[in-house]
Amino acid sequence: MPQIPSRRGLLFGGAAVGATALLASCTSNEPKNSKPAVSDRPAADDKPGKPVTIGFAGPQADHGWLNAINENAKNRAEKYSDVTLEITEGSNDTAAQIGQIETLINKKVDVLVILPADGKALTQVGLKAMRAGIPVVNLDRIFNSPQAYRCWIGGDNYGMGFNAGQYIGEKLKGKQNAKVVELAGLDNLELTRQRTQGFDDALKNYPNITKVARQAAEFTVESGQAKMAQLLQAQKRIDALWNHDDDQGVGALRAIGQAGRDEFLMVGGAGALSAFEQIKQDKGVLKATVLYPPTMAASAIDLARALGQGKGVSGMAEFEIPASITLFSAVVDKTNVDQYMPTGFR
């Protein structure tokens, strides 16, 4: 499963380098026997340590990105000889997922990693785990209360939309009366609204561009094809399209091909392998995609292991791991697609 080889070294390598650098910069006026004002607690690394059992609970893997989340978690755990992963089947039914998490709590796992199907609905079970002394790494869809998790790690939906809008804006900044359209995801999800808001805010910096239409799809190939066909029928000329999700983008590209349209550039979202491959070929309208990296699940396992072993994060002076980590939504186009190709999900 896709990994970025240097990522673990960057985030969870030994703490000695950071401690040494800080010591060197702070000791000019200190007695020789003074202790550095930094943590000497070891950061998580590849060396085997205290055995940790991690419970992992996510929603049903009925989407390419969600399946990649599960695979990243499994494969990351397998890299550590001191980690045992207890993984649930996953469910989009909140009651079923709550039951699965309660089973993990009853098994007394050391740490829980939870990607809730519904953050609000699962907040109470997160609180239950924390009150039972089991730290929770809340993955992506956030619980309503910060008391329900020890650490949150996830994507930046607003930043995803903003970076897509900025990329399109720069490509079209020399074009007068440019027209763009948006193929969004599910409008009842807060993440969809955040992506749209970021996109709209970015376009405000380009007065020559107008968003002339928007359709909300459902993150499926079928919905992407149907909604894109409607957009193309209504708009006889467009200059750019932003599609929130590469899975529904497969359907959108079918509709575009059927309509024989190629006068515009398309930017996708999430980071599917199929999108990377088409971007690399550079023969169609798809020119870029904005990442919402499923590798966050691998990082969540790293964080859970660090919590279970009482370790911190390399490069930081704090004793503990951060309370929250927001990932960056990088834009991938033909200039850097080879770098990100190993992270693409199917």
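Whole percent per 5 Å bin, from 0 to the bin with the longest distance: what is P(r) over all C-alpha pairs of region 209-346?
2, 10, 17, 18, 15, 11, 9, 6, 6, 4, 2, 1
Just how many % of Cα pairs in region 187-262 lie over 17 Å apart, if you round to the nearest whole percent?
Tail of the P(r) past 17 Å holds 46 percent of the pairs.
Rounded to whole Hz and in sequence order, give me ³J(HN,Hα) for region 239-253 from the Karplus expression 6.51 cos²θ - 1.76 cosθ + 1.60, θ = phi - 60°, writing x for Gly and Pro.
Listing the rounded values in order: 10, 7, 10, 10, 10, 5, 8, 5, 5, 5, x, 4, x, 4, 5 Hz.
Check which residues have an amide H placed less than 5 Å from residue 325's amide H, if you skip close sequence neighbours.
Answer set, sorted by chain and number: 152, 153, 154.
Measure off 7 Å from each Cα along the Cα-to-Cβ vector at residue 188 and residue 282, then give the distance between these two points in nanometres to one decimal.
Reported label-point gap for residue 188 and residue 282 is 4.3 nm.
Using a 1.4 Å probe, how large is the accessible area of residue 128, given in Å² and rounded to the nearest 10?
Here the residue's solvent-accessible area equals roughly 90 Å².
For region 219-296, state which GluC sites (Glu not before Pro) are in a DSSP loop and have at most 12 other beta carbons lying within 10 Å of their beta carbon.
In loop regions of region 219-296 (DSSP not H, G, I, E or B), the sparsely surrounded GluC sites (Glu not before Pro) are 263.
Assuming R0 = 41 Å, what is the FRET efficiency of residue 204 and residue 338, from their Cβ-Cβ distance, to the nearest 0.05?
The value I calculate is 0.80.
Residue by residue through region 209-222, what is 3J(HN,Hα) from phi via Karplus (6.51 cos²θ - 1.76 cosθ + 1.60, θ = phi - 60°)? Round to whole Hz and write x for glycine and proline.
Calculated HN-Hα couplings, in order: 10, 10, 7, 9, 6, 8, 10, 9, 9, 9, 6, 10, 4, 5 Hz.
For the residue pair residue 74 and residue 61, what label-to-label distance in nm results when each label sits 7 Å from Cα along the Cα-to-beta-carbon direction?
The two pseudo-label positions are separated by 0.4 nm.
By accessible area of protein heavy atoms, probe 1.4 Å, what ranking do 244, 63 get, highest first?
63, 244
Expected output is a single nm value to one decimal: the length gained when fully extending between residue 237 and residue 131, i.e. 0.36 nm times separation in residues minus the C-alpha distance. What is it?
32.5 nm
Assuming R0 = 30 Å, can you tell me the calculated FRET efficiency for the pair residue 346 and residue 173, based on Cβ-Cβ distance, to the nearest 0.05?
0.30
Can you give the angle from 0 to 90° between the axis of helix 296-309 and the longest principal axis of the chain, with both taken from C-alpha atoms, to the nearest 10?
For 296-309 against the chain, the angle is about 10 degrees.
Could you pull out the chymotrypsin sites (Phe, Trp or Tyr not before Pro) across region 250-325 that fall in loop regions by DSSP (anything but H, G, I, E, B) with no more than 15 other Cβ atoms inside 10 Å?
Filter output for region 250-325: 319.
Got a sec? What order do 170, 89 fall in by accessible area at 1.4 Å, biggest, i.e. largest, first?
Listed by decreasing accessible area, they come as 89, 170.
Name the residue farthest towards the positive end of the dipole of region 111-220 from the options 184, 123, 172, assuming +1 on Cβ of Lys and Arg, -1 on Cβ of Asp and Glu, about the Cα centre.
Of the listed residues, the answer is 172.
Would you mind computing the Rg to Rh ratio of the chain from its alpha-carbon coordinates, Kirkwood style for Rh?
Checking Rg against Rh, the ratio lands at 1.03.
What residues have an amide H closer than 5 Å to that of residue 52, excluding those fewer than 5 places away on the same chain, when H is modeled at 1.01 Å from N in the peptide plane?
83, 84
With +1 on each Lys and Arg Cβ and -1 on each Asp and Glu Cβ, and nothing else charged, work out how big the dipole of the chain is about its Cα centre, in Debye to the nearest 20.
480
Could you sort 188-198, 282-292 so that the peptide with the highest average Cβ count within 10 Å comes first and the rest follow in order?
Ranked by mean Cβ neighbours within 10 Å, highest first: 282-292, 188-198.
Among the listed pairs 204/236; 179/280; 50/74; 79/280, which are separated by more than 27 Å between their Cα atoms?
79/280
Please report, for the Cα atoms of region 172-222, the Rg to one decimal and the Dmax as a whole number; what are they, in angstrom?
Considering region 172-222 through its Cα atoms, Rg and Dmax are 12.4, 35 Å.
Roughly what would the spin-label model give for residue 326 and residue 89, points 7 Å off Cα along C-beta, in nm?
Roughly 3.7 nm, to one decimal.
The values are calculated or read from the model by the stated rules, or taken from the named source; none is laboratory data. From a predicted model like this one, the values you see are computed outputs, not experimental measurements. Because the Cβ atoms are built from the backbone with ideal geometry, glycine has one as well, and the counts that use them run over all protein chains shown. Protein only, heavy atoms only, side chains kept; ligands, DNA and RNA dropped before computing areas. Shrake-Rupley method; radii C 1.70, N 1.55, O 1.52, S 1.80 Å.
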